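Since the structure comes first, as structure tokens, the remarks are kept for the end.
The values are calculated or read from the model by the stated rules, or taken from the named source; none is laboratory data. Predicted model, so just to flag it, every value in this text is computed and none were measured. Every residue, glycine as well, gets a Cβ built from its backbone with ideal geometry; the counts of neighbours run over all protein chains shown. Surface areas here come from the heavy atoms of the whole protein model, side chains and all, with no ligands, DNA or RNA. Shrake-Rupley method; radii C 1.70, N 1.55, O 1.52, S 1.80 Å.
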Amino acid sequence: MTRFSTDEKIQAVMRYQKGSDSLKAIAKSIGIHHTVFLNWIRQYEHHGDEAFKKGYTSYPVQFKLDVLNYMNEFGTSVRETAAVFNIASHSTILSWQRSLELHGMDALQPKKKGRSPMKKESNKQKNQTLVEGSVEALHAEVERLRMENAYLKKLNALVQNKEKSPNKTKLK
């Protein structure tokens, strides 16, 4: 998808407002769907030059509720509501609406994005010094010995397989 600068969007809207070309002709000439261009026009009509100077925004819960209430109260379409509140995509409002219907108010809470931090518990266990002779120390020692035993068994099996293999070269 082609990205357009703020100036390019404003120039396209101004061409439309002058009446020199039709909505579909301008949209086709810049390579976008006419409904996207119509959204630009609506945003420009409601917010002027500021409509296109906005990047990523995290919306608070109260704002989301206000948008949904406005849409229900005045019976505006999703696209028109997005233009009125200067929301870049109407699908954002649709997702808020679905989330509210399916999961209630909690679904509108902003969620943390990205990876969660590493758990601190594993570091605490390593740093804990076990008292010799305690139950935990004995369990840890038994576990270590079991792992050591399993390792030695696998090593022995590998050595035996290597001795049996026919590709073994004999030293003179």
Task: C-alpha long axis of helix 90-103 to longest principal axis of the chain, angle in ° - done: 60 degrees
- [ ] Report, in deg cm²/dmol and to the nearest 500, the calculated mean residue ellipticity at 222 nm for the chain, where each DSSP H run with n ≥ 4 adds -39500 (n - 2.57) and the sum is divided by the residue count.
- [x] -20000 deg cm²/dmol
Task: Point-charge dipole on Cβ atoms (K/R +1, D/E -1) for the chain, about Cα centre, debye to 20 - done: 1420 debye
Task: Selection of trypsin sites (Lys or Arg not before Pro), region 80-114, meeting DSSP coil and at most 16 other Cβ within 10 Å - done: K111, K112, K113
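For the chain, take the convex hull of the Cα atoms, compute a quarter of its surface area, and give me that in nm², please.
24.9 nm²
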- [ ] Give the accessible surface of the chain per residue, rounded to a whole number of Å², with probe radius 1.4 Å and ligands, DNA and RNA excluded.
- [x] 82 Å²
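Starting from the Cα gyration tensor of region 1-54, multiply each eigenvalue by 5, take the square root, and state the resulting semi-axes largest first in whole Å.
Equivalent-ellipsoid dimensions as semi-axes: 16, 13, 9 Å.
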- [ ] Could you check how much of the accessible area of the chain is carbon and sulfur, as a whole percent, using a 1.4 Å probe?
- [x] 53 percent
